[in-house]
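The values are calculated or read from the model by the stated rules, or taken from the named source; none is laboratory data. Keep in mind it's a predicted model, so treat the numbers as computed, not measured. Cβ placement follows ideal geometry from the backbone for every residue including glycine, while neighbour counts extend to all protein chains displayed.
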Amino acid sequence: MSSKISILTKGLIKENPALILILGMCPTLGVTSSAINGLGMGLATTFVILLSNVIISIIKNLIPDNVHIPAYIVVIASLVTILQQLMAAYLPALNESLGLFIPLIVVNCIVLGRAEAFASKNNVVDSALDGLGMGLGFTLALTVLGAIREILGSGSIFDLKFYEGDGIIGFVLAPGAFLVLGYLVAVTKRLSKKLDKKEE
Amino acid sequence: MIDKKNPTIAQMVIVLLVIAAVCSAGVATVYAITKDTIAETNAKKLQKSLSEVLPEYDKTDTLTVKTANGNAFCYIAQKDGKTVGYAIKSSNTNGYNGLVEVLTGFDQMGKIINTSATVLNETPGLGQKALEPKFKEQFQGFEPSKKTLKVKKDGGDVDAISAATITSRAYTLAVQQAFDALQTLLGNKVDTHSGATSSANPNSDEREINN
């Protein structure tokens with residue numbers, strides 16, 4: 001049982017896809033200018049990783065090795081298209097603010113990465129836990145990154161301004177993204193090492 | 001069942017075919033389920049924007065006007081059978097992040113009542129501030145026949161958002177495009193001295209600007 005839990009939790013810190021595995025950098029840098037965008041993007045990606053892991057784990061023994069990449073991509077692309085339509089119908093505001101980055105989930109390395117590294121070699125339950133854990137870790141990373149950039153750059157959090165006027169605008173632009181990301185990676189690695197030490 | 005390392009051509013083709021077929025079916029199903037909700041959401045959004053830029057109305061006629069920058073959609077607002085305003089949706093791809101689409105409401109004399117961005121995905125904290133009153137207010141009551149629809153940096157009368165000139169230019173251009181479409185729609189230029197226009201009722205579905 002504890003092995004199941006560790007499959008789920010490894011994606012949160014020790015193997016956080018954005019901060020330790022350094023995957024999915026494009027949306028990580030591109031949509032985190034505000035906390036709500038980071039959270040929305042993370043949850044949308046979690047939806048895709050979870051379902052793609054489950055589906056690919058179910059059909060893994062039917063796909064010949066030399067066509068496995070196109071097969072996985074078709075599954076992932078269909079899931080993202082479905083997600084887009086669901087968001088356009090039921091979450092239109094979020095759909096608009098995330099804009100072009102939703103279809104880009106198809107080429108988010110985390111999704112294909114987990115399919116190759118885990119779902120194609122493990123059973124359905126474990127794959128689902130892995131997908132969920134990786135997705136939640138990604139969401140955590142993006143939300144924290146978005147929150148820091150929003151607080152420093154716009155003076156608000158989740159669109160609630162706590163002072164009049166602008167923040168340090170650099171933080172909502174690309175340089176700020178790289179800067180904050182760099183610090184977050186450093187902090188997370190430190191945290192991960194401490195957790196390793198505690199387990200020994 | 002299938003030898004993963006040495007599949008036959010037939011096996012590869014069939015596997016890919018089945019996966020593609022099932023995925024297509026899934027996408028088509030979700031499309032069918034969400035189609036109506038999406039249309040409804042879009043209609044609601046449009047209604048909200050229209051009421052933001054027009055005076056009270058009970059119905060609108062829509063018209064497509066061809067301009068030099070593509071098509072503009074015109075909503076002619078009427079109340080009790082009389083025309084009370086014009087809302088024109090225009091767009092360009094000059095925004096920092098591409099497409100910027102604005103709905104501009106004009107009164108009978110070609111004066112802007114209000115503007116509402118219908119597509120704006122600019123940088124939060126910068127270009128996105130085009131949604132805030134501080135930027136939008138200056139367009140309320142703006143008379144394009146008397147003042148210039150360009151940012152001050154380009155010699156016009158519009159205050160750009162600080163550090164967001166590109167978005168400000170794109171937004172202002174969209175409003176200018178709307179005004180151009182309005183002039184085409186009314187079939188003549190707005191009289192710049194008295195601010196009056198002759199009331200021409202458009203009776204064809206498309207008009208062309210010959211510039």
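Is it the case that some residue within segment A:185-199 is assigned to a helix (DSSP H, G or I), in contact with a Gly (Cβ under 9 Å, 6 or more places away or on another chain), buried (at least 16 other Cβ atoms within 10 Å of the Cβ) and not aromatic (Phe, Trp, Tyr)? Checked against the condition, which is being assigned to a helix (DSSP H, G or I), in contact with a Gly (Cβ under 9 Å, 6 or more places away or on another chain), buried (at least 16 other Cβ atoms within 10 Å of the Cβ) and not aromatic (Phe, Trp, Tyr), segment A:185-199 yields no hits at all.
Are there strands (runs of 3 or more DSSP E) fully within segment B:1-110 with at least 3 residues that are within 14 Å of chain A (Cβ to nearest Cβ), under 26 Å from B:Lys129 (Cα atoms) and touching a helix residue (DSSP H, G or I) at 6+ places or on another chain (Cβ under 9 Å)? List them. Outline the logic, then answer.
Details: elements: B:59-67, B:70-79, B:82-95, B:98-106.
Strands (runs of 3 or more DSSP E) meeting the threshold: B:98-106.
Just one of the numbered conditions (1) modelled with pLDDT under 85; (2) surrounded by 11 or more Cβ atoms within 10 Å (Cβ to Cβ); (3) among the hydroxyl-bearing types (Ser, Thr, Tyr) is not true of B:Thr165: (1). Residues that are within 14 Å of chain B (Cβ to nearest Cβ) and within 19 Å of A:Leu181 (Cβ to Cβ): does segment A:101-114 have at least one? Yes, segment A:101-114 has at least one match.
Does B:Lys89 satisfy the condition of being modelled with pLDDT under 90, touching a strand residue (DSSP E or B) at 6+ places or on another chain (Cβ under 6 Å) and crowded, with 17+ Cβ neighbours inside 10 Å?
Details: modelled with pLDDT under 90: no; touching a strand residue (DSSP E or B) at 6+ places or on another chain (Cβ under 6 Å): yes; crowded, with 17+ Cβ neighbours inside 10 Å: yes.
The answer is no for B:Lys89.
Of all residues in segment B:166-177, those that are among the small types (Gly, Ala, Ser) have Cβ atoms under 9 Å from Cβ atoms of residues that are part of a helix (DSSP H, G or I), 6 or more apart or on another chain, in B:Ser168/B:Gly127; B:Ser168/B:Ala130; B:Ser168/B:Phe135; B:Ser168/B:Lys153; B:Ala170/B:Gly127; B:Ala170/B:Ala130.
Working carefully through the options A:Ala35, A:Ala88, A:Ala93, A:Ala71, find the one that is without any contact (Cβ under 8 Å) to a residue 24 or more places away in the chain, crowded, with 21+ Cβ neighbours inside 10 Å and within 11 Å of chain B (Cβ to nearest Cβ). I'd like the intermediate steps shown before the answer.
Details: A:Ala35 fails: without any contact (Cβ under 8 Å) to a residue 24 or more places away in the chain; A:Ala88 fails: crowded, with 21+ Cβ neighbours inside 10 Å; A:Ala93 fails: crowded, with 21+ Cβ neighbours inside 10 Å.
Matching residue, one of A:Ala35, A:Ala88, A:Ala93, A:Ala71: A:Ala71.
The residue pairs whose first member lies in segment A:45-68 and is touching a residue at least 24 places away in the same chain (Cβ under 8 Å) and under 16 Å from A:Asn122 (Cα atoms), whose second member is of a type in the set (D, E, K, R) and part of a helix (DSSP H, G or I), and whose beta carbons are closer than 7 Å, counting only pairs six or more residues apart or on different chains, are A:Ile49/A:Arg114; A:Asn53/A:Arg114; A:Asn53/A:Asp130. Sort out which residues of segment A:22-32 are surrounded by fewer than 24 Cβ atoms within 10 Å (Cβ to Cβ) and not β-branched (Val, Ile, Thr), and write them in order of number. Passing the criteria: A:Leu23, A:Met25, A:Cys26, A:Leu29, A:Gly30. Once segment B:111-127 is narrowed to residues that are within 10 Å of chain A (Cβ to nearest Cβ) and among the aliphatic types (A, V, I, L, M), the residue that is farthest from the chain's Cα centre (by Cα) is B:Leu126.
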